[in-house]
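Reading through the structure tokens given below for one structure.
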Ligand SMILES: Nc1ncnc2c1ncn2[C@@H]1O[C@H](COP(=O)(O)OP(=O)(O)OP(=O)(O)O)[C@@H](O)[C@H]1O
Ligand SMILES: [Mg+2]
């Protein structure tokens, strides 16, 4: 499912082709993708504009009905990513821990989460949580999403941390820094630069996957669309609108992420 | 502590990586202020021996006492011992996200609670000593190898160590930069620092070393003064090794 969109070729390693599952992030070097981005973006805006202008009924009605849902989608996405980052950091550290029990727990968590479809996990955690405590739907959705994405985020953190040369750790340890001080002062400040871009990808992937929480009764963008459709029976029109809005949001976000990656790579070169 | 009692005492130390004996039954005492140069072919265990002294490598058997601390004693805080033992690596290992000055002040500020002004002043003194004061606010990536290595030495010195370990500090450098790093090391030696250096720089060894330790196959085969070592090596393998490098 996850993994960053990189093509790594090394002598000893097999070739890794990985397309990622966020939106396709347009890199300036990838001319084809950049023009595809503009084509999709302008196409989406024009479609939206035409629908609203030429067929205000029902499109304008739908358009006014769904913004609450967009807000909820963003709420879920932002809270889930924040929580997933925390879980991811802990998991990533756990995965590289020398304590074999911590290691085992973290690895098992990652393994289990990666082996179960997200939708099944959402249901499971939602109802499992419901047996223990009563939490609002929105919170349950956020927790479920972050438990899932935390596992992937953990792999991102682990990769980012292990990518830092071992000499950095040795230099710090030889000065007298403890393991955790080394992590805090030396490794993590360097690792975030490798970690941020894939986090951007995860953010977009998460935003799209939040559409699944509509099934739990959270009034996100998709759910609002379904509500409108079931009242008006205008299924095709409603989901056209929903799809176009999702597309515009993810296109904007992927542009932001690529912009951020650009800034970051300049920063690294200094 | 009398001047003769060793500051580093390595007794019958063996170290295995899986089945490979990187060190077998190595013993070596080093006196305060002494300069020891370790020489030997690739894979002979030089780095491993050096790295056991600040426990970057754990040992499989034997005993190492540094400045009175038994490194295998559970009650000894290894981080305290490491503060007394500076280390300089072949690959510099400067912190790329910190400026030169911050590279030097990080440990004293965080580990010794030194305040920033004092730490900055000390770092400036050390940078002046290694001859690159003007680079204080630059990031390591902007420096040449020789400059980076001198910063690395200053960084280690910032903890006021009693012992300095050098693992082939000039092997990664372009020939024209080797001199500037060796100059700093010679200066340090003159000031009375206890130094253990893995290096094949013969000029440096002759000028600075009190003793040269020759290793091969994880063992110390010969310990001699530079004079004896280069002019009149005893062990056949030392002779063969010197023939190859001279
Ligand atoms: N981390 C490790 N894992 C496995 N084997 C190792 C490790 N480090 C060193 N060795 C082995 O231990 C032996 C001694 O290595 P060491 O690095 O101490 O040699 P050296 O004298 O420093 O060599 P060089 O001149 O190449 O630096 C070698 O056989 C090496 O392959
Ligand atoms: Mg070595």
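The values are calculated or read from the model by the stated rules, or taken from the named source; none is laboratory data. Here the structure is a predicted model, which is why all the values come from computation and not from measurement. Quick reminder, even Gly has a Cβ in these numbers, built from the backbone with ideal geometry, and neighbours come from all protein chains shown.
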- Message: Looking at residue A:223 and the list (1) surrounded by 18 or more Cβ atoms within 10 Å (Cβ to Cβ); (2) within 30 Å of residue A:191 (Cβ to Cβ); (3) in contact with a helix residue (DSSP H, G or I) (Cβ under 8 Å, 6 or more places away or on another chain), which single condition is not satisfied?
- Response: (2)
- Query: Quick one: is residue B:141 more than 16 Å from ligand 2 (Cβ to nearest atom) and in contact with a helix residue (DSSP H, G or I) (Cβ under 6 Å, 6 or more places away or on another chain)?
  - Reply: no
- Task: Could you grab me the full set of residues in the stretch B:81-96 that are within 7 Å of chain A (Cβ to nearest Cβ) and either at pLDDT below 95 or farther than 10 Å from residue B:159 by Cβ (or both)?
- Result: B:87, B:89, B:91, B:93, B:95, B:96
- Query: If you check residue A:117 against the conditions, is it under 22 Å from residue A:211 (Cα atoms) and more than 13 Å from the chain's Cα centre (by Cα)?
  - Reply: yes
- State all residues of the stretch B:97-113 that are assigned to a loop (DSSP other than H, G, I, E, B) and more than 7 Å from chain A (Cβ to nearest Cβ); if no residue qualifies, say none. B:98, B:99, B:113
- Query: Within the group A:261, A:227, A:237, which residue is more than 14 Å from chain B (Cβ to nearest Cβ) and modelled with pLDDT under 90?
  - Reply: A:261
- Query: Counting just the residues of the stretch A:235-255 that are more than 24 Å from the chain's Cα centre (by Cα) and surrounded by fewer than 18 Cβ atoms within 10 Å (Cβ to Cβ), which one comes out nearest to residue A:140 (Cα to Cα)?
  - Reply: A:235
- Residue hits (the stretch B:55-79; farther than 14 Å from residue A:177 by Cα and either within 16 Å of ligand 2 (Cβ to nearest atom) or assigned to a helix (DSSP H, G or I) (or both)) are B:57
- Query: Do we have residue B:36 as under 18 Å from the mean Cα position of the chain (by Cα), within 16 Å of ligand 2 (Cβ to nearest atom), in a strand (DSSP E or B) and modelled with pLDDT of 95 or more here?
  - Reply: yes
- Task: Determine which single condition residue B:48 fails, assuming it passes every other condition in (1) within 16 Å of ligand 1 (Cβ to nearest atom); (2) away from chain A (no Cβ under 14 Å).
- Result: (2)
- Message: Quick test for you: out of B:82, B:9, pick the one residue that is in a strand (DSSP E or B), away from ligand 2 (no atom under 16 Å from the Cβ) and at negative phi.
- Response: B:9
- Task: Please indicate, with yes or no, whether at least one residue in the stretch B:40-62 is farther than 19 Å from residue B:22 by Cβ, at pLDDT 95 or above and buried (at least 18 other Cβ atoms within 10 Å of the Cβ).
- Result: no
- Message: I'm trying to understand the selection: among the residues of the stretch B:65-80, which are facing chain A (nearest Cβ under 8 Å) and in contact with a helix residue (DSSP H, G or I) (Cβ under 9 Å, 6 or more places away or on another chain)?
- Response: B:79
- Message: When the residues of the stretch A:158-184 are narrowed to those that are outside any helix (DSSP H, G or I) and touching a helix residue (DSSP H, G or I) at 6+ places or on another chain (Cβ under 7 Å), which ends up farthest from the other protein chains (Cβ to nearest Cβ)?
- Response: A:163
